[in-house]
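Here's the structure we're looking at; comments come further down.
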Amino acid sequence: MDQNPYSTGDQQSVGNVGLLGPKFDGSIRVMQIISVALMMGVLSFLLVVLVLTQGEVLGLKKPDIISLLAAGFGLVMFVNHLIIPGVIAKQQLKKTAENGLGGTDEESQSFKVAGIYQTQLIVALAMLEAAAFFNLVAMLVEKNGLNLIVVVVFLSLMLMKFPTRTKVSWWVQDRLTELNK
């Protein structure tokens, strides 16, 4: 199993991603809506912070304790978003393997495994969002540009995790291959 959370799978072609069906497409749309909603929450609060501070956060100065705590929390959440969603997915895949995928058609199997991808995606994005919000609060309180940099990094990470059809299809196909071995 590819442990890189930003990986799009091992396949070299996209020729076999059409087999997953309309239920699968609907689940991807749900993941995309959730992802955009989480990112828009951060962007909206960033706009509020910039308006309330009247742009005074754009300079770098020596960070105070809240800024340092927020940046440290961001580092912890970065590491967690790499580890915890994978652990959750592995446990859910193990449970799915024990319960069996046999007897169901390929579309139902894909939809079931896509639900596991959705769970790990939401957990990872929530961790990144929490770190971004903490840094936005620190930015509002202490007006430090360090926190703005951290927020931009976390928004970029959230954007990189955006669930495209190809990315999710490849992940699902990789997991189905593992489950059917």
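Among the residues of segment 52-79, how many are in a helix (DSSP H, G or I), over 16 Å from Leu136 (Cβ atoms) and over 19 Å from the mean Cα position of the chain (by Cα)?
Total satisfying the criteria: 1.
Conditions (1) out of contact with any strand residue (DSSP E or B) (no Cβ under 8 Å at 6 or more places or on another chain); (2) part of a helix (DSSP H, G or I); (3) at pLDDT 95 or above; (4) polar (S, T, N, Q), marked per residue:
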{"position": "Val141", "(1), (2), (3), (4)": "yes, yes, no, no"}
{"position": "Ile149", "(1), (2), (3), (4)": "yes, yes, no, no"}
{"position": "Phe154", "(1), (2), (3), (4)": "yes, yes, yes, no"}
{"position": "Leu157", "(1), (2), (3), (4)": "yes, yes, yes, no"}
{"position": "Ser169", "(1), (2), (3), (4)": "yes, yes, no, yes"}
{"position": "Gln173", "(1), (2), (3), (4)": "yes, yes, no, yes"}
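Restricting the search to segment 154-181, which residues are of a type in the set (Val, Ile, Thr), under 13 Å from the mean Cα position of the chain (by Cα) and surrounded by fewer than 21 Cβ atoms within 10 Å (Cβ to Cβ)? Give the steps one after another, and end with the answer.
Kept after step one, since they are of a type in the set (Val, Ile, Thr), are these residues of segment 154-181: 164, 166, 168, 172, 177.
Now drop any that are not under 13 Å from the mean Cα position of the chain (by Cα), which leaves 164, 168.
Result: Thr164, single match.
Take the residues in segment 115-138 that are of a type in the set (Val, Ile, Thr) and under 30 Å from Ala70 (Cβ atoms); name whichever of them is surrounded by the most Cβ atoms within 10 Å (Cβ to Cβ).
So, considering only residues that are of a type in the set (Val, Ile, Thr) and under 30 Å from Ala70 (Cβ atoms), the one surrounded by the most Cβ atoms within 10 Å (Cβ to Cβ) is Val123.
Can Gly21 be described as assigned to a helix (DSSP H, G or I), exposed (fewer than 13 other Cβ atoms within 10 Å of the Cβ) and at pLDDT below 95?
Numbers: assigned to a helix (DSSP H, G or I): yes; exposed (fewer than 13 other Cβ atoms within 10 Å of the Cβ): no; at pLDDT below 95: yes.
No.
Which of the following residues is aliphatic (A, V, I, L, M) and either more than 19 Å from the chain's Cα centre (by Cα) or crowded, with 22+ Cβ neighbours inside 10 Å (or both): Leu146, Leu82?
Matching residue, one of Leu146, Leu82: Leu146.
Filter segment 83-125 for residues that are out of contact with any Leu (no Cβ under 8 Å at 6 or more places or on another chain) and not in a helix (DSSP H, G or I); which is modelled with the lowest pLDDT?
Gly103
When you scan segment 102-114, how many residues do you find that are surrounded by fewer than 16 Cβ atoms within 10 Å (Cβ to Cβ) and on the phi < 0 side of the Ramachandran plot? Spell out how you get there, then give the answer.
Initial filter on segment 102-114 (surrounded by fewer than 16 Cβ atoms within 10 Å (Cβ to Cβ)): 102-108.
Narrowing further to those that are on the phi < 0 side of the Ramachandran plot: 102, 104-108.
Count: 6.
The values are calculated or read from the model by the stated rules, or taken from the named source; none is laboratory data. As the structure is a prediction and not an experimental result, all values here were calculated from the model. Cβ coordinates were reconstructed from backbone atoms using ideal geometry, including for glycine residues, and neighbour counts include every protein chain displayed.
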